[in-house]
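A short write-up of the structure that comes next.
The values are calculated or read from the model by the stated rules, or taken from the named source; none is laboratory data. All of these numbers come straight from a predicted model, not from anything done at the bench. Positions of Cβ are generated from backbone atoms using ideal geometry, with glycine treated the same way; all protein chains shown enter the neighbour counts. For accessibility, only protein heavy atoms count, side chains too; no ligands or nucleic acids. Shrake-Rupley method; radii C 1.70, N 1.55, O 1.52, S 1.80 Å.
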Amino acid sequence: MSADRPDTPDLTHAPDEGVGFGFDLGHAPAPTSGAAAAPYRVLARKYRPQTFADLIGQEAMVRTLSNAFTSGRIAQAYILTGVRGVGKTTTARILARALNYEPADGPAGGGAPTLDMPTLGRHCRDIIESRHVDVQEMDAASNTGIGDIREIIEAARYKPVLARYKVFIIDEVHMLSTAAFNGLLKTLEEPPEHVKFIFATTEIRKVPVTVLSRTQRFDLRRVEAGALARHLRAICDAEGVGIDTEALSLVARAAEGSVRDALSLLDQAIAHAGGMVHGEQVRALLGLADRGRVIDLFEALMKGDVAQALTELREQYDSGADPAVVIADLAEFTHLVTKLKIIPETADDPALVEAERVRGRDFAKALSMRVLARAWQMLTKGLSEVQQAAKPMQAAEMVLVRLAYAADLPTPDEALRRLREGSSEPAGRPAGNGGGSGSGGGGAAPSGGGSAMLATAPRAFSPAPAPAAAPSAASHLSVAARGTPSPAPSPAVAPQPAPGMAIATFEELVALASQKRDLRMKFALENNVRLVAFEDGKLEVALVAGGSPNLIQELQGKLGEWTGRRWLVALSREEGEPTLAEQAKSARDAMMTGVRADPLVAAALARFPGASIVDVRTQIPDDVPPAASPDDYEAMAARDEPGPDDEIEF
């Protein structure tokens, strides 16, 4: 709507105009004593906007059209695009009214095109009801051929009968055939002065560029949830329906920016409640989870309490919530917390319920951006898994298990710091948190355990932010229950180091990487490292061009982990030996050269034109006996037995 008009509809129409609330209410039935009650009109039709002032959420389009009409820069064709229910067809009819507006109390043909239509004009009622002779609407979904376009082209030759312009409104224009589009191009580019075209479509990409270049395009935006909630509140007040704020918020968000969807859901919610509409009734109607319970589930996941999270999910499922909707709500709340962390003013959105506003702020202060980003990625990936799973509830439970166990995992910077320091716990992680890894929490717990499985009591959420000196995924949520003093930590027993492993050659180091199944490190050692000097405990290497300098530090940490003792890995300025991959390639090339020189191979290649040597392998037959040693010869001679080289006569 225009910038100088409020978001709520205009309620100032005079009663004698046959219109109330500023919307299309249709003809008022003549009051008769024995007449039956007028048929019910759904809210989406009853409260359809009649003027641009009644539109909500389309301020940019209204301002552009208002300036164009004021300056007389009226285009010959417009195309309106947007998702379903944002007002494309309604805007087309209002635009047709504005083009042909004539005051009802003025002379015929008086006035000029204007967006300011305070009262119904001479042609307004007929245009609103789609029965004006000079405003023709066509559904391109059922009239797709060139023959339908020929009728429009033929009708465009004649001047309007009553109105100022002959307006052609084509809905779902993207459904026209290629021939129909081509037949329309000439008339669309140079129409008669009395003809205007208005197109509407939800699939703007399917409209040919040749058509788009001949029209003025307006993208109708999704209506923001707060403005949509205020619009629904005004309609409920006009209908005399009681509805609480939470129910309005649920309907507005479920509509996803579509006014028609919101009015249809509101109509259904009013019928479902049969009186005052409450949030619980709307949640039951839409199969949604309680927003407060979704936040409770989010808190349990961020604490790593997987048992509580699974119990909460089961209770919501038993109450009628769809598992995919629960995961989507968790992702939505994660997005909200992230926005609150970046833009605190987001909490002023009227579409938010009080629990989201208050608890969302607390989470935004306590959780780091890395933790929120990781939770978002896991939830969005898990949502597709739940939607495609044969058993969505089981898939949703596994998503929550992954997310709860990841709550205590260190962030990449913490993991790097832990690797550099050689410590078993990331810096800043509070003791006794249950640990996302086996090293946290109980000392006797097996490695790799989750926080909820190791913790003796669930950790309570603390709204106070974590210390800035040591941010970590687990330090964002306090580990002690509110009001319960933490027990004194028991003295830790230093782990006994494993016996050191000796490595004699660089090749043995590469074999050790393969044994540890660290294929990435094995590949780097073979392809990116040139050996300069090697001895047990000390390694000096050079890197090939483009090699990562982080490889040196990573290799040093890996060697310390694998061998149980400290290694010194230095980066040399010398060129060093060729890499193992280069050495293997040189040996293979030399072997290939030797094989090509063999007369038998050369004859085979000549015998089969186009043949080539792909690979050369050395193989020792299994039936070849091992070579005999001098001692074997002496033993055979003492026993008077023939040796392997002696000739035997039969």
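Expressed as a whole percent, the accessible surface of segment 272-389 that belongs to carbon and sulfur atoms is 53, based on a 1.4 Å probe. Sorting Tyr47, Tyr405 by accessible area puts them as Tyr405, Tyr47; the probe is 1.4 Å, largest comes first, and only protein heavy atoms count. Oblate is the label for segment 225-367, because the ratio a/c of its alpha-carbon gyration tensor axes (a ≥ b ≥ c) is 1.5 or higher and a/b is not greater than b/c. Rounded, prolate or oblate: which one fits segment 85-170, using the alpha carbon gyration tensor with axes a ≥ b ≥ c (rounded when a/c is under 1.5, else prolate when a/b beats b/c, else oblate)? Since a/c reaches 1.5 but b/c is at least a/b, the shape of segment 85-170 is classed as oblate. Summary of packing: across the peptides 594-603, 214-223, the per-residue average of other C-beta atoms within 10 Å ranks them, highest first, as 214-223, 594-603.
For Lys516, the lysines whose Cα falls under 17 Å of its own Cα, not counting residues fewer than eight places away in the same chain, are Lys558.
The residues of segment 228-294 expose, per residue, 37 Å² of accessible area to a 1.4 Å probe. Taking 1.306 mPa s as the viscosity and 10 °C as the temperature, the Stokes-Einstein diffusion coefficient of segment 168-235 based on its alpha-carbon Kirkwood radius rounds to 112 µm²/s. Classify segment 245-326 as rounded, prolate or oblate, taking a ≥ b ≥ c as the square roots of the eigenvalues of its Cα gyration tensor: rounded when a/c is under 1.5, otherwise prolate if a/b is larger than b/c and oblate if not. Prolate, since a/c reaches 1.5 and a/b exceeds b/c.
Pairs spanning more than 21 Å between alpha-carbon atoms, out of Lys159/Lys196; Lys303/Lys365; Lys339/Lys391; Lys46/Lys88: Lys339/Lys391.
Pair-distance distribution of segment 143-298: all C-alpha pairs, bin width 10 Å, starting at 0; shares per bin in whole percent are 9, 28, 18, 18, 18, 7, 1.
By the rule of a C-alpha distance below 16 Å, with chain neighbours fewer than 8 residues away ignored, no lysines are paired with Lys381.
No solvent, one uniform scatterer per C-alpha: report log10 I(q)/I(0) for segment 121-179 via the Debye equation at q = 0.21, 0.29 1/Å, two decimals. So the normalised log intensities work out to -0.84, -1.19. Rg/Rh, computed from the Cα trace of segment 307-398 with Rh as the Kirkwood radius, has the value 1.00.
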